[in-house]
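The next block holds one structure in the form of structure tokens; read it before the comments.
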Amino acid sequence: MFAGLAGAWEAARQSALREARGGKRRRAEGAGRKPKLVFLDRLLVTLVHLRHQLPHVVLAELFEVDRSTVSAAIRQVRPLLAARGFAVPDRPGLRLKTLEDVFAYTEAEGVELRIDGVETQVRRPQAGRPGRRAFVSGKRKQNTVKTTTFSDGQGRLLLSGLVRPGRMHDQTALRTEGIAEQFRTRPV
């Protein structure tokens with residue numbers, strides 16, 4: 001997994017740096033600020049977060065970095081993992097990348113599908129930021145983000161959906177993410 005994602009991460013990182021600089025590099029390669037977490041640590045932080053839903057503050061303590069470093073690492077690596085797709089248990093070579101893939105797989109294989117909305121506590125957004133109240137969960141009364149996860153009957157993860165602000169109800173997410181439409185078109 002590391003070898004497959006490292007090249008894509010480095011390319012995205014160089015592209016972002018080039019865009020921030022407004023052109024080619026001005027210093028020799030290797031000069032400048034060093035990243036607090038190397039790519040392997042960024043990948044581990046993201047995988048632990050996805051698997052155990054630990055708050056970013058806890059992960060920051062475990063990896064001895066600032067919380068913002070953990071948040072940035074997860075924000076950078078998560079799209080790379082999503083583009084790679086989710087491996088299907090007991091089916092080597094098959095990867096689910098979209099919601100349609102998950103529903104087609106469960107329909108074809110007769111797999112029981114479980115859907116859950118997972119809330120993870122995050123720091124409160126900065127004052128003056130538009131949509132600041134959107135992160136306050138009505139259920140937890142804390143600043144959270146929610147992720148819709150799909151698993152099979154044995155609880156093995158098939159797909160982790162879009163991340164949304166904590167204020168959005170799970171029912172609303174079902175409609176806005178297209179999950180309800182999948183249920184209408186495919187009786188699972």
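Quick check on the range 70-80. Is at least one of its residues touching a Leu at 6+ places or on another chain (Cβ under 8 Å), surrounded by fewer than 16 Cβ atoms within 10 Å (Cβ to Cβ) and either assigned to a loop (DSSP other than H, G, I, E, B) or modelled with pLDDT under 90 (or both)? Looking for residues that are touching a Leu at 6+ places or on another chain (Cβ under 8 Å), surrounded by fewer than 16 Cβ atoms within 10 Å (Cβ to Cβ) and either assigned to a loop (DSSP other than H, G, I, E, B) or modelled with pLDDT under 90 (or both), one finds none in the range 70-80, hence no. Among the residues of the range 17-43, write down those that are under 25 Å from A83 (Cβ atoms) and either open to solvent by less than 60 Å² (accessible area, probe 1.4 Å) or in contact (Cβ under 8 Å) with a residue 40 or more places away in the chain (or both). Of everything in the range 17-43, those that are under 25 Å from A83 (Cβ atoms) and either open to solvent by less than 60 Å² (accessible area, probe 1.4 Å) or in contact (Cβ under 8 Å) with a residue 40 or more places away in the chain (or both) turn out to be P35, L37, F39, D41, R42, L43.
Among the residues making up the range 106-126, those that are open to solvent by 100 Å² or more (accessible area, probe 1.4 Å) and under 19 Å from H169 (Cα atoms) are R114, R124.
For the range 167-188, how many residues meet the condition of being modelled with pLDDT of 80 or more, within 14 Å of V102 (Cβ to Cβ) and of a type in the set (S, T, Y)? Within the range 167-188, residues that are modelled with pLDDT of 80 or more, within 14 Å of V102 (Cβ to Cβ) and of a type in the set (S, T, Y) number 0.
Given R133, R175, R164, R129, which one is surrounded by fewer than 17 Cβ atoms within 10 Å (Cβ to Cβ), over 29 Å from D90 (Cβ atoms) and in contact with a Lys or Arg (Cβ under 9 Å, 6 or more places away or on another chain)?
Numbers: R175 fails: in contact with a Lys or Arg (Cβ under 9 Å, 6 or more places away or on another chain); R164 fails: surrounded by fewer than 17 Cβ atoms within 10 Å (Cβ to Cβ); R129 fails: in contact with a Lys or Arg (Cβ under 9 Å, 6 or more places away or on another chain).
After ruling out the rest, the residue left standing is R133.
Within the group V88, V145, V111, which residue is within 15 Å of the chain's Cα centre (by Cα) and β-branched (V, I, T)?
Numbers: V88 fails: within 15 Å of the chain's Cα centre (by Cα); V111 fails: within 15 Å of the chain's Cα centre (by Cα).
Answer to the check: V145.
In the range 44-67, the residue that is surrounded by the fewest Cβ atoms within 10 Å (Cβ to Cβ) out of those that are of a type in the set (A, V, I, L, M) and either more than 21 Å from T120 (Cβ to Cβ) or touching a helix residue (DSSP H, G or I) at 6+ places or on another chain (Cβ under 6 Å) (or both) is V57.
Quick test for you: out of F103, F150, pick the one residue that is among the aromatic types (F, W, Y), surrounded by 12 or more Cβ atoms within 10 Å (Cβ to Cβ), in contact (Cβ under 8 Å) with a residue 24 or more places away in the chain and more than 18 Å from H52 (Cα to Cα).
Working: F150 fails: more than 18 Å from H52 (Cα to Cα).
Criteria check complete, one pass: F103.
In the range 25-42, the qualifying residues are those that are assigned to a loop (DSSP other than H, G, I, E, B) and among the aliphatic types (A, V, I, L, M), and the one that is nearest to T69 (Cα to Cα) is L37.
State whether one or more residues within the range 119-135 are in a strand (DSSP E or B) and within 19 Å of P79 (Cβ to Cβ). Spell out the reasoning first.
Quick first cut of the range 119-135, residues in a strand (DSSP E or B) only: 119-121.
Next cut, within 19 Å of P79 (Cβ to Cβ) only: 120.
Yes, the range 119-135 contains a residue that is in a strand (DSSP E or B) and within 19 Å of P79 (Cβ to Cβ).
The values are calculated or read from the model by the stated rules, or taken from the named source; none is laboratory data. Everything numeric in this text was worked out from a predicted model, so none of it was measured. We place every Cβ from the backbone using ideal geometry, glycine too, and count neighbours over all the protein chains shown. Each accessible area value is taken on the protein alone, full model and side chains, heavy atoms only, with ligands, DNA and RNA left out. Shrake-Rupley method; radii C 1.70, N 1.55, O 1.52, S 1.80 Å.
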